[in-house]
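Colleague: Encoded as structure tokens, here's the structure I'll be asking about.
Quick note: the coordinates plus some simple rules give every number you see, no bench work behind them. These numbers come from a predicted model, not from an experiment. In this analysis, Cβ positions are derived from the backbone assuming ideal geometry, glycine residues included, and neighbour counts consider all displayed protein chains.
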Amino acid sequence: MAETLEVLESVGRSRPLRAIVVQAGDGSPVADVSSACWAGVGGEICTERIVITGEADALPSAVESLLVPDLPVFVWWQGPVPD
């Protein structure tokens, strides 16, 4: 997970983004939310990072509730693909 967060911080310094990082764990979904801004060439660049940990079955609805209409979504999957 640390490598993923480092990459997102690097990307976030060059373009605004909302990153939702999901990790399977135990219990109900819990989110850790943070934001950061950097001085860019054309002005300030800000990012949001949301890390959600919880039971795998509950994670899709937790992520879906955070999606913004008309904002492109990209999936970066790390690890084996579940059945």
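Colleague: Within the set of other residues whose C-beta is less than 13 Å from the C-beta of Leu67, count the net charge using Lys and Arg as +1 and Asp and Glu as -1.
Modeller: -2
Colleague: What does the net charge come to around Ala24 if you take all other residues with beta carbon closer than 13 Å to its beta carbon, with K and R at +1 and D and E at -1?
Modeller: Working: positive: none; negative: Asp26, Glu55, Asp57.
Net of charged neighbours comes to -3.
Colleague: A further question follows. Pull up all non-local amide H partners of Ala19: gap of 5 or more, or a different chain, and H-to-H distance under 5 Å with H placed in the peptide plane.
Modeller: For Ala19, whose amide H was placed from the backbone, the distant partners under 5 Å are Glu48, Arg49, Ile50.
Colleague: How big is the equivalent ellipsoid of the chain along its three axes, where each semi-axis is √(5λ) from the Cα gyration tensor, reported in whole Å from largest to smallest?
Modeller: 25, 14, 12
Colleague: Just flag the chymotrypsin sites (Phe, Trp or Tyr not before Pro) in the chain sitting in loop per DSSP whose Cβ has no more than 11 other Cβ atoms within 10 Å.
Modeller: Those satisfying the criteria are Phe74, Trp76, Trp77.
Colleague: Does anyone have the angle between helix 2-12 and the longest principal axis of the chain? Alpha-carbon axes, 0 to 90°, nearest 10?
Modeller: 40
Colleague: May I ask what percent, to the nearest 5, of DSSP beta bridges between residues of the chain are antiparallel?
Modeller: Numbers: 10 of 18 bridges.
Here the antiparallel bridges make up roughly 55 percent for the chain.
Colleague: ³J(HN,Hα) across segment 37-46 via Karplus (A = 6.51, B = -1.76, C = 1.60, θ = phi - 60°), whole Hz, x for Gly/Pro?
Modeller: Once rounded to whole Hz, the list reads 10, 10, 6, x, 4, x, x, 6, 10, 10.
Colleague: Oh, and also: Report the charge-dipole magnitude of the chain in Debye, nearest 20, computed about the Cα centre from +1 at each Lys and Arg Cβ and -1 at each Asp and Glu Cβ.
Modeller: So the magnitude is around 380 debye.
Colleague: Which length gain, in nm to one decimal place, applies between Arg15 and Leu67 when the Cα-Cα distance is subtracted from 0.36 nm times their residue separation?
Modeller: Extra length from Arg15 to Leu67 when fully extended: 16.9 nm.
Colleague: Which one, Gly43, Gly12, Gly25, has the greatest fluctuation when you compute a Gaussian network model over the chain with C-alpha springs under 10 angstrom?
Modeller: Fluctuation is largest for Gly43.
Colleague: If you take the beta carbon distance between Asp57 and Cys37 as r and set R0 to 41 Å, what does 1/(1 + (r/R0)^6) give as a FRET efficiency, to the nearest 0.05? It would help to have the intermediate numbers written out before the result.
Modeller: Values: r = 35 Å, r/R0 = 0.85.
Working from the Cβ atoms, E equals 0.70.
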